[in-house]
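Shown next, in structure tokens, is the structure this report addresses.
Rule-based calculations on the coordinates, nothing more; no lab input. The shown structure was predicted, so the numbers you read here are calculated from the model rather than taken from an experiment.
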Amino acid sequence: TRDERDNLPLSPESVGHLAQHRFCRILYDALTKSPDTVASNDIEIFYGHRVTDFDWNKDTRRWTIKTDREELFDDVDIVLAADGAASSVRKKLFTSDATTASDDDPTMLGTPNLQRLINVHFEIPSESIKREDELSNDQLEIPPAMLYTVFHPDVLAMVVRHGPGEYVLQIPYFEPYQSPEDDFSMHNVRKIVRSIVGNTDNFVIHSVRPWTMGSLVARNYYSDEGVLLVGDAAHVFPPAGGFGM
């Protein structure tokens, strides 16, 4: 019946959250431990190296690439650029016309500044080591949320839960009335976090960084010379825009 169809879940899986730094670790471990990687003498992984220079040979249709550690690769077929929203590959190898969405980066289209935020990465050590048998039945029945909205006299913010005891607090700020330097000193940030976690100092702040949330897409995703953009190098959007992709 129609009522039965209306009650069917839209997806066989519920929404989940896997933090990027954890996901990258999983991918790296899977790549380095892959049987193909371990068994092959033709596969090399250079982790933590950055490409700094490109040279295209029209005759051989190959790239010569140099890294920040002076390594040289002179027979490259394809450049797969996954170097983030500020992609140096995209800026160096992709051209654009005069109509731009951002004066700073003419290779992208869209809205570069939807909101400016302060990201506070903090940890509650006691929560990360708490075992299931130490939690009440009510706590076990209600799984922790991925995203919390905070309305407090001291702050209006979002809190992203990366895992047990690990959070990122996202605080909007408004230029020119506020700035990261003047309004978000460590003292002020500690006061904000304290108000969110229940007036306790049982937390550790790992980093406090400004972040601009935008919605942008690259003018071109690939070139005839074998350069392809992926990830944030190709498209940047607010975090909630990734649900369902």
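Computed quantities for the displayed model
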{"item": "Built amide H within the under 5 Å cut-off of Arg62, gap 5+", "result": "Asn57"}
{"item": "Amide H contacts of Leu114 (H built 1.01 Å from N, under 5 Å, at least 5 apart or other chain)", "result": "Met213, Gly214, Ser215"}
{"item": "For Val79, distant residues with modelled amide H under 5 Å away", "result": "Val227, Leu228"}
{"item": "Residue-by-residue Karplus 3J(HN,Hα) for the stretch 85-95, coefficients 6.51, -1.76, 1.60, Hz, glycine and proline x", "result": "4, 8, 2, 6, 5, 4, 5, 7, 10, 10, 9"}
